[in-house]
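The block underneath contains the structure these notes are about, expressed in structure tokens.
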Amino acid sequence: MARENIHQSLEVFYEKVEECPLRDRQFNFFELVYVISGVGNHTVNGNSFPYSSGDLFLITPNDCHGFDLEGTCEFMVIRFGESYVREYQWKSIDHIECLLYYASHLSGSVIVHHDDGKMVGLLVENLKQATEHEAMYSEDLIRHLVNAVIVIAARNMAIIRSQEISSNSDLRILQILDYIQEYIYQPEQLKIVVIAERFGLSPTYLGSYFRKQCNESIQHYISSHRIRLIEHRLRFSDKRVHEIADEFGFADESHINKFFKRHNGVSLRGYRDSCRKEKNSLSS
């Protein structure tokens, strides 16, 4: 399979085409594709979904995708590599973590909220103008606009995830999930007795209630969420193991390594090395 590489941390461009210029390619970067106009079908990893104006698609380095166009279509394409993720140094870094994690659960357009769809449309219009007319601080402007699109995309992915959970759930489980995400870096606040007291439940009832609502234990959910964030640090940051341990409230490197290896079967350094080998393989 042919591979497409990106040679800058961020690439943004407009295209008006009658057929997909790239088909059955695997990328070494992330790609957000916004449909300005036109209709057709978008195929990702063998699954096909109809698209139309206003849709926003996210493609990850592990995806193979292509567009089947029904006539002329206009797209705005945002490509960013791992170096851009490392540069995403806002307090809102969790937005991009949400973006990258929930990508594997998506089918179809990222945008589900009507008002957010309007907002992304305006941002894309400004992005198009910024890329067509270079002026002072154009690069900074483009990055701010792209970051705004990322935040909105992440918000909609969270909405999609909440809708999946809340289809058979009540408001309280969503509040519990929000609480876990808020305190994911503070393990003392994620003890079952603490969460149960926070929501006026007994620890036993909290366990059975959470499993009924989410089809997994609360301990497994918390551990899986922490693992995903640690994996993100290993893949997309240059933080040392002891720095990651401090961030997530582990006593030391040994403690976080035992936790990580118990769930992933590999040490943190082993996981980071495998990510680097994968990156080199995609780039070659």
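The values are calculated or read from the model by the stated rules, or taken from the named source; none is laboratory data. Here the structure is a predicted model, which is why all the values come from computation and not from measurement. Using ideal geometry, Cβ is built from the backbone for each residue, glycine included, and neighbour counts are taken over all protein chains shown.
Remark: pairs (first residue in the stretch 179-203, in contact (Cβ under 8 Å) with a residue 12 or more places away in the chain; second residue not in a helix (DSSP H, G or I); Cβ separation under 7 Å; 6+ apart in sequence or on different chains) = 185/248; 185/249; 186/249; 187/249; 190/183. Against the criterion of being within 26 Å of residue 17 (Cβ to Cβ) and either acidic (Asp, Glu) or at pLDDT below 85 (or both), residue 82 does not qualify. The number of residues in the stretch 187-204 that are more than 20 Å from residue 229 (Cβ to Cβ), of a type in the set (Asp, Glu) and surrounded by fewer than 12 Cβ atoms within 10 Å (Cβ to Cβ) comes to 0.
Please indicate, with yes or no, whether at least one residue in the stretch 207-215 is within 18 Å of residue 249 (Cβ to Cβ) and either in contact with an Asp or Glu (Cβ under 8 Å, 6 or more places away or on another chain) or hydrophobic (A, V, I, L, M, F, W, C) (or both). Looking for residues that are within 18 Å of residue 249 (Cβ to Cβ) and either in contact with an Asp or Glu (Cβ under 8 Å, 6 or more places away or on another chain) or hydrophobic (A, V, I, L, M, F, W, C) (or both), one finds none in the stretch 207-215, hence no. Can you confirm whether the stretch 124-145 contains a residue that is crowded, with 18+ Cβ neighbours inside 10 Å, under 24 Å from residue 44 (Cβ atoms) and modelled with pLDDT of 85 or more? Yes, the conditions are met somewhere in the stretch 124-145. Among the residues making up the stretch 60-78, those that are outside any strand (DSSP E or B) and under 20 Å from the mean Cα position of the chain (by Cα) are 60, 61, 62, 63.
Residues are listed down the side, and each one gets a yes or a no for (1) without any contact (Cβ under 8 Å) to a residue 24 or more places away in the chain; (2) among the hydroxyl-bearing types (Ser, Thr, Tyr); (3) touching a Lys or Arg at 6+ places or on another chain (Cβ under 8 Å):
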position	(1), (2), (3)
229	no, no, no
258	yes, no, no
261	yes, no, no
272	no, no, yes
275	no, no, yes
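Cβ-Cβ distances below 7 Å connect the following pairs, each with a first residue in the stretch 40-59 that is assigned to a loop (DSSP other than H, G, I, E, B), a second residue that is polar (S, T, N, Q) and at pLDDT below 90, and a separation of six or more residues or different chains: 55/109. Kindly check whether there is at least one residue in the stretch 22-37 that is assigned by TED's automatic domain parsing to the domain that holds residue 148, outside any strand (DSSP E or B) and modelled with pLDDT of 85 or more. Looking through the stretch 22-37, none of the residues is assigned by TED's automatic domain parsing to the domain that holds residue 148, outside any strand (DSSP E or B) and modelled with pLDDT of 85 or more.
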